[in-house]
Amino acid sequence: GQQVMQIPQYQHVQEGEDFTTYCNSSTTLSNIQWYKQRPGGHPVFLIQLVKSGEVKKQKRLTFQFGEAKKNSSLHITATQTTDVGTYFCAGLSAGGTSYGKLTFGQGTILTVHP
Amino acid sequence: EPEVTQTPSHQVTQMGQEVILRCVPISNHLYFYWYRQILGQKVEFLVSFYNNEISEKSEIFDDQFSVERPDGSNFTLKIRSTKLEDSAMYFCASSKTLLNTEAFFGQGTRLTVV
C-alpha cells in the first residue's frame, strides 16, 4: 500500500533559525496536506497543495509540492517558540478508490530553544 | 468557528469490553473519518464514511470495529472485545467534500485499555 515517509523525525533549533521537513510518497499523490499538532493536541490543517510544482506561502511558512507529485517540503523561516509541535504531511492518493484516505507521514517533532 | 466534538475525552476500559466513541462532525460536512494515533506515533487512517456507508477502510479496521451514524448528527466508532494494543488516541474528522479539502479533526478520545 501507499507509504509516506517524512524526515527528519526530530529537529531541535534555536529561536530564529530556519527549519525544513521533507515528505516522500511511494506513489503519486492527488494532493498533499500539512498538519500541525501541538503537544497533547489534535492535528490542525495548515495547507493543501494540489498542482505539480506548486509553492504556497503562509507568513514564515513555505510549502512546496514536487513536480512528480510524490514529494513535498515545509520550510519555516526564523522559527519562534510558538512553532513548537509535530508537523505531519498527509497524502491523498491519485486515482484508484481512495475515498478520502489520508496517509500520514511519521511527523517531524520540532523543538525551539529560546 | 465550527468544530468537530468528541466524547468522552478519556475512556478507560477493561480488556475484552466494548467501547463506543462518539463524534459530532461539523454540520454541513458530508464525509466523516476515524483515525487513531498510538502514543508517539503517526496518525493512522481507520475508516471513511459517506452517505451512511463505509467508503474505505484500512487493514486495521477489522471485524472488531464498526461505525454508525445513528441519528444524523452523531458518528460513532464501536470497538468490540478491546485489546491492550487498542490503547490510543482516536480522532474523528470531517470534511465538506471528498477531494481537495481540509479535514477538521476533533480533540480526540484517549482510550486506555487495562
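What follows is calculated from the coordinates using simple rules that are stated; it is not laboratory data. These numbers come from a predicted model, not from an experiment. So basically every Cβ, Gly included, is an ideal-geometry build from the backbone, and we count neighbours across all protein chains shown.
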Inset, instruction - Step through the residues of the stretch A:85-94 one at a time and calculate ³J(HN,Hα) from phi using the Karplus curve (6.51 cos²θ - 1.76 cosθ + 1.60, θ = phi - 60°), rounding each to whole Hz and writing x for Gly and Pro. - result: x, 9, 9, 10, 9, 8, x, 10, 5, 7
Legend entry - Euclidean distance of C-alpha centroids, the stretch B:38-114 and the stretch B:2-31, integer Å: 8
Inset, instruction - Please express the Cα-Cα pair-distance distribution P(r) of chain A as a list of whole percents, one per 5 Å bin, running from 0 to the bin with the greatest distance. - result: 2, 13, 24, 25, 19, 10, 5, 2, 0, 0
Inset, instruction - DSSP loop (so not H, G, I, E, B), at most 14 other Cβ within 10 Å: list which trypsin sites (Lys or Arg not before Pro) in the stretch A:1-87 pass both filters. - result: A:Lys51, A:Lys59, A:Arg60
Inset, instruction - Calculate, for A:Thr62 and B:Lys96, the FRET efficiency according to 1/(1 + (r/R0)^6) with r their C-beta to C-beta distance and R0 35 Å; round to the nearest 0.05. - result: 0.85
Legend entry - Under the Debye formula (equal points on every Cα, no solvent term), log10 I(q)/I(0) of the protein assembly as shown at q = 0.17 Å⁻¹: -1.23
Legend entry - Note, ³J(HN,Hα) from phi for the stretch A:38-46, Karplus 6.51, -1.76, 1.60, rounded to Hz, x at Gly and Pro: 6, x, x, x, 10, x, 10, 4, 9
Inset, instruction - Could you pull out every one of the lysines with an alpha carbon less than 29 Å from that of A:Lys51, ignoring same-chain neighbours closer than 8 positions? - result: A:Lys36, A:Lys59, A:Lys69, A:Lys70, A:Lys101, B:Lys42, B:Lys57, B:Lys96
Legend entry - For chain A, built as a Gaussian network whose Cα springs stay under 10 Å, the top-fluctuating residue of A:Ser73, A:Ser30, A:Ser93: A:Ser30
Legend entry - Separation of the B:Ile38 and B:Glu53 label points, Cα + 7 Å toward Cβ, nm: 3.2
